[in-house]
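What follows is a set of notes on a single structure, which appears directly below.
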Amino acid sequence: MSTAANKRDGNLAGSSELCTGSRHEALERKIFGLALAIATEPSKLGQVRQMLVQLQEQRGLPEDFSSWALGRIDERVMSMALAYAHDAEIMVQLLSFKGGTVDGLLHTIEDLYQHEQISGRVYVKARLLLRTAGHQEAPN
């Protein structure tokens, strides 16, 4: 075979590998999307999120996939929380499944209020709940 033929065949093989890789990634995302659709309990979403974070830390997942997957979980938890935007206690409990710190939750509540996704009453009650929780976690 000529050098040109070898290059052409090599390029086709490389192109084929890219196609297979992108099809594989698309399949992974579809499967993850189905798993996400099945998880109707926020606590289960929290467990899936925790497992993804652990796999990401162990470098068991590609960074772009884990970031994408964590984003989908966080969006799902947020939409569940906003379904209870009238009830600060439930909303804070649901948001806690996103993980993070009390300060992070306070920031999320602040953003929701600033974007007029929750009322002033819910905002104040949620902040009070989180501040109380923050004091309970602090050592005496």
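What follows draws every value from the coordinates through simple rules; no lab data is involved. Treat the numbers as computed from the prediction; the structure is a model and nothing was measured.
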Q | region 106-119 - phi-based ³J(HN,Hα) in whole Hz, Karplus 6.51/-1.76/1.60, Gly and Pro as x | A | 4, 5, 4, 4, 4, 4, 4, 5, 4, 8, 6, 8, 9, 7
Q. For Glu116 and Leu82 in one chain, what is 0.36 nm times their gap in residues minus the Cα-Cα distance, to one decimal in nm?
A. 11.1 nm
